Structure formats: C-alpha cells, structure tokens
Amino acid sequence: MATRNVVQVPQQNRDAAPAGMKQKNMAGEGKIRRALGDIGNLVTVRGVEGKPLPQVSRPITRSFCAQLLANAQAAAVAENNKKCKAVNVDGAADGGIIPKGARKPAQKKAATIKPKPEAVIEISSDSEQVKKEKKPSKKDAPTLTSTLTARSKAACGLSKKPKDQIIDIDAADADNELAVVEYVEDIYKFYKIAENESRVHNYMDSQPEINDKMRAILIDWLIEVHHKFELNPETLYLTINIVDRYLAVQTTLRKELQLVGMSAMLIASKYEEIWAPEVNDFVCISDRAYSHQQVLVMEKRILGGLEWNLTVPTPYVFLVRFIKASVPDSNMENMVYFFAELGMMNYSVAMMYCSSMIAASAVYAARCTFNKTPSWDDTLKLHTGFSEYQLIDCAKVLVNLHAMAADNKLKVIFRKYSSLERGSVALLPPAKSLLA
C-alpha cells in the first residue's frame with residue numbers, strides 16, 4: 001500500500017511585502033497589503049510518489065487542495081489493486097515475484113473496492129402519506145353529468161340496490177322424472193320457435209257475418225262451459241286456439257259460430273283430458289241448439305281445416321313456466337290466470353301479441369298488482385326472454401281490462417275469479433303504476 005504523502009505547503013514570510021509594492025508609512029495599510037499577498041497561485045502541491053499534480057487554472061484553496069490529494073490517492077489505490085490481483089494464494093505471481101514487503105493473504109479472497117455506502121434518507125409517516133396522495137387531475141375530477149346521475153340514483157334508491165341473483169327454478173324438481181329438467185330449456189326454446197309458425201293474425205276482415213264482439217261472447221260462454229265441466233286449464237287455452245285458427249282459414253256463418261266453439265272444445269278435450277265429455281253433453285249444454293250429427297260434422301271440418309295439427313304452444317304452456325320463475329303464492333298464481341283469460345277473450349290482445357308475451361305480461365301485471373319488489377328480476381328475464389320495457393304496453397292493456405271487468409256485460413271471468421276458491425283476486429284494486 002502506498003504511504004500517505006503529506007502535502008507540504010511552504011509558508012511565506014508574512015512580514016515580507018510583495019515585489020513591486022511600495023512601502024507605506026501607515027501600519028494598517030501595510031497589514032492589508034501583506035494579507036492580499038497570500039491570495040493567488042503561490043502554493044505548490046507535490047503529488048503522490050513524486051508525480052506532479054496536473055496544472056490548474058484556479059486558485060489553490062485548502063478544500064481544492066484536499067480534493068486533488070484525494071483523487072491522487074484513489075488512483076494509486078486502484079493501480080495497487082491491479083497488481084494484487086495477479087498474486088495467487090501461495091504467494092507466487094503468474095509472471096513475476098511477490099513484491100517485497102507484501103503480506104501473504106490468509107484467505108483466498110480477491111481484492112475488491114468497497115463501495116461507498118449509500119445515504120439512507122428516512123421518511124416520516126407524515127411525509128410518506130403526503131407522497132402517496134396524488135394530486136387530482138382533470139381526468140379524475142367528477143363531471144357535472146356524473147354528479148347529477150349519482151344524486152338521482154341515490155334519491156331513487158338505485159345506488160343501494162343489490163345485484164339480483166338468478167334462481168335455479170328447477171333445483172327442486174331434479175329428482176322428478178316428469179319435470180324433465182334435462183330437456184326443459186330445449187323444449188321451451190322449441191316452443192318459442194313454434195309459436196311464430198302457428199300464430200294467428202287478424203282474420204275479422206275476411207269474416208262477413210261475425211265480428212270481435214261475437215267472438216268475445218263465444219269465448220265468455222266457453223269459459224263457463226269449461227268451468228262447469230271441470231276440465232283442465234290446458235283444454236281451455238287449446239279450445240280458444242282452435243277456434244281462432246279455424247276462423248282464420250274458413251269463412252263461418254253467424255249461426256254456426258257457437259257450433260264451432262262446441263266442436264273445438266270437444267277436440268281439445270279428446271286431446272288433453274283423460275275422461276273427455278261426450279257429444280251429448282255438449283248438445284245438452286247448448287240447450288239442443290245443434291244436433292249430435294252437426295257436432296260430429298263440424299268436428300271433422302275443423303280437423304281438416306287445421307290439417308290435424310293440434311300440437312301448438314298455447315299461452316298456458318308459457319304460463320306454467322313463467323309462474324314457476326316468479327316463485328308465487330296461490331293468490332299470485334290465480335291473478336296471473338285471471339289476466340291471461342282476460343287477454344285471450346279480448347280479440348285485439350290475442351291478435352296483437354304472441355302467446356309467450358301474453359303469458360309474461362300477465363305475470364308482470366300480477367306482480368305489479370301485489371306490489372312485488374322488484375317487479376321484474378333477472379330470473380324472469382332469463383326464462384321469459386322479455387325485458388320489463390317490452391312488457392309494459394301489453395301489461396297496461398291487461399290492467400285496464402281488470403279495471404273494467406266489474407262493469408263489463410261479459411262477467412263470467414270476473415265471477416270466476418271473485419270466488420273464495422280463486423282467492424277473490426278479481427276484487428283487488430288494479431295496479432296504479434300500470435293503470436292509464
């Protein structure tokens with residue numbers, strides 16, 4: 001290791017005045033001149049190992065002199081470390097002799113320059129918190145629209161509304177073989193496609209002797225007959241479907257309209273019921289307005305006009321599924337059927353809306369009548385395929401029919417659902433939110 005060289009700075013004679021300076025008689029002025037004489041490049045600094053330091057063009061102050069000396073010592077240490085690296089552990093050099101006075105290293109360790117420790121700056125918790133806090137930018141600042149929207153949602157209670165969960169309505173029927181849980185979704189997808197193929201459109205313009213009021217009277221009478229015979233709900237909806245499909249393809253006289261309804265219910269009963277009513281039962285209930293033979297002839301004529309196609313999705317098949325998705329009680333279920341029968345008796349509703357929409361609107365109107373919250377959830381939207389916005393128009397028509405049912409001349413449906421057996425749902429006030 002190189003020994004530390006001490007810089008010897010020759011001290012000038014402070015008493016001697018610089019050359020070319022005239023002596024002054026005043027003592028104070030002479031001292032000032034001698035002090036000024038020390039300022040300048042009059043100090044010589046010897047380098048390390050006899051090497052002169054580089055010439056500088058700035059005044060040699062004490063701090064600058066120390067800096068030059070430190071740089072020279074660092075260069076000497078670096079050069080000495082290069083020589084030490086060539087020495088092996090046994091003291092033999094790769095290509096020379098160990099310098100005299102060098103110590104044999106005790107361990108196999110390469111000489112390295114120890115890095116200077118980095119300065120550690122301690123940051124207090126207050127300053128750290130301030131550092132984490134970002135200054136709000138213009139992009140992060142809330143706009144007027146977002147602020148007003150948030151306030152509107154908070155006022156309506158939408159901001160605190162929990163996310164709806166979709167309920168598995170078929171979980172309880174997993175072990176029921178008749179529920180066909182594995183195929184039920186595919187079955188209703190097929191119903192959605194098939195209802196458009198068998199849908200009945202406006203046919204009253206092609207009927208010269210009958211109108212929508214006559215049809216309403218016929219449907220009102222068929223609902224009463226269905227109730228007296230205690231038939232299944234499927235039979236009623238299929239009967240109405242057969243009547244509309246036949247009148248859409250065949251011109252019918254006014255005197256034969258009731259006969260069409262009787263024969264249509266006979267066909268639907270044979271299709272749906274286990275013990276279907278006999279022909280004589282329909283002859284008797286019509287007060288013998290038609291004979292036994294006329295009923296059989298009209299039955300054959302209807303089947304020929306429909307090409308024997310009786311398997312069609314009526315509103316009832318959708319009602320069963322949609323009511324199940326609504327998770328109702330008994331009163332809720334009766335209210336849904338009440339709205340559905342009102343819609344089927346009304347000609348404009350039956351022609352304007354498809355079977356699935358009438359069923360979904362009946363469920364929506366019933367939930368609004370009982371003030372269910374929410375009126376329409378994700379489970380119903382998934383299984384019906386309709387949003388709340390799509391059902392509002394049809395639901396409003398059904399609620400208006402409910403409001404006018406008590407004053408209507410055709411009161412069969414109103415009396416049927418005013419009984420205690422049906423929960424007296426027809427007597428409930430109509431939904432104010434949908435009442436126009």
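The values are calculated or read from the model by the stated rules, or taken from the named source; none is laboratory data. If you're wondering where the values come from, they're calculated on a predicted model, not measured in any experiment. Cβ sites come from the backbone with ideal geometry, for glycine too, and all protein chains shown count toward neighbours. Side chains included, ligands, DNA and RNA excluded: accessible areas come from the protein's heavy atoms. Shrake-Rupley method; radii C 1.70, N 1.55, O 1.52, S 1.80 Å.
Restricting to the stretch 142-165, give me the number of residues that are in a loop (DSSP other than H, G, I, E, B) and either in the same structural domain as residue 377 (by the TED database) or modelled with pLDDT of 70 or more (or both).
If we filter the stretch 142-165 for residues that are in a loop (DSSP other than H, G, I, E, B), which is where we start, we get 142-143, 157-165.
From what is left, the residues that are either in the same structural domain as residue 377 (by the TED database) or modelled with pLDDT of 70 or more (or both) are 142-143, 165.
Residues that pass the stated criteria total 3.
Six or more apart or on different chains, Cβ atoms under 6 Å: show the pairs whose first residue is in the stretch 270-288 and under 13 Å from residue 235 (Cβ atoms) and whose second is outside any loop (DSSP other than H, G, I, E, B) and open to solvent by 30 Å² or more (accessible area, probe 1.4 Å).
272/234; 276/270; 277/229
Return a yes/no flag: does the stretch 260-267 have any residue that is modelled with pLDDT of 95 or more and polar (S, T, N, Q).
yes
With the structure loaded, tell me whether residue 340 is under 14 Å from residue 319 (Cβ atoms), more than 32 Å from the chain's Cα centre (by Cα) and either at pLDDT 95 or above or open to solvent by 40 Å² or more (accessible area, probe 1.4 Å) (or both) or whether it fails that test.
On the way: under 14 Å from residue 319 (Cβ atoms): yes; more than 32 Å from the chain's Cα centre (by Cα): yes; either at pLDDT 95 or above or open to solvent by 40 Å² or more (accessible area, probe 1.4 Å) (or both): yes.
For residue 340, the condition - under 14 Å from residue 319 (Cβ atoms), more than 32 Å from the chain's Cα centre (by Cα) and either at pLDDT 95 or above or open to solvent by 40 Å² or more (accessible area, probe 1.4 Å) (or both) - is met.
How do the pairs read when you match residues in the stretch 184-210 that are over 25 Å from residue 383 (Cα atoms) with residues anywhere that are open to solvent by 30 Å² or more (accessible area, probe 1.4 Å) and in a helix (DSSP H, G or I), using Cβ under 6 Å and keeping only pairs 6 or more apart or on different chains?
Within 6 Å, the pairs are 203/248; 204/212; 209/254; 210/254.
For residue 369, all conditions in the list (1) among the β-branched types (Val, Ile, Thr); (2) surrounded by fewer than 22 Cβ atoms within 10 Å (Cβ to Cβ); (3) more than 27 Å from residue 214 (Cβ to Cβ) hold save one; what is the number of the exception?
Unmet for residue 369, out of (1) among the β-branched types (Val, Ile, Thr); (2) surrounded by fewer than 22 Cβ atoms within 10 Å (Cβ to Cβ); (3) more than 27 Å from residue 214 (Cβ to Cβ): (2).
If only one of 393, 378, 407 is farther than 30 Å from residue 212 by Cβ and open to solvent by 20 Å² or more (accessible area, probe 1.4 Å), which one is it?
Details: 393 fails: farther than 30 Å from residue 212 by Cβ; 407 fails: farther than 30 Å from residue 212 by Cβ.
After applying the criteria, what remains is 378.
Quick check on my filter: what residues within the stretch 215-273 are of a type in the set (Asp, Glu), part of a helix (DSSP H, G or I) and open to solvent by 20 Å² or more (accessible area, probe 1.4 Å)? First the steps, then the outcome.
Pass one, the stretch 215-273, residues of a type in the set (Asp, Glu): 220, 224, 230, 234, 244, 256, 272-273.
After this cut, where a residue has to be part of a helix (DSSP H, G or I) as well, the list is 220, 224, 234, 244, 256, 272.
Matches in the stretch 215-273: 224, 234, 256, 272.
Please verify whether residue 325 is at negative phi and out of contact with any His (no Cβ under 6 Å at 6 or more places or on another chain), treating the condition exactly as stated. Let's see the steps before the verdict.
Numbers: at negative phi: yes; out of contact with any His (no Cβ under 6 Å at 6 or more places or on another chain): no.
No; evaluated as a whole, the condition is false for this residue.
Restricting attention to the stretch 308-324, which residues are part of a helix (DSSP H, G or I) and of a type outside the set (Ser, Thr, Tyr)?
315, 317, 318, 319, 320, 321, 322, 323, 324
Among helices (runs of 4 or more DSSP H) lying entirely in the stretch 325-392, which contain 3 or more residues that are touching a Ser or Thr at 6+ places or on another chain (Cβ under 8 Å)? Can you show your working first?
On the way: elements: 330-345, 347-352, 355-369, 378-384.
The helices (runs of 4 or more DSSP H) meeting that bar are 330-345, 355-369, 378-384.
Of the residues that sit in the stretch 379-398 and are in contact with a helix residue (DSSP H, G or I) (Cβ under 6 Å, 6 or more places away or on another chain) and in contact (Cβ under 8 Å) with a residue 60 or more places away in the chain, which one is farthest from residue 315 (Cα to Cα)?
379
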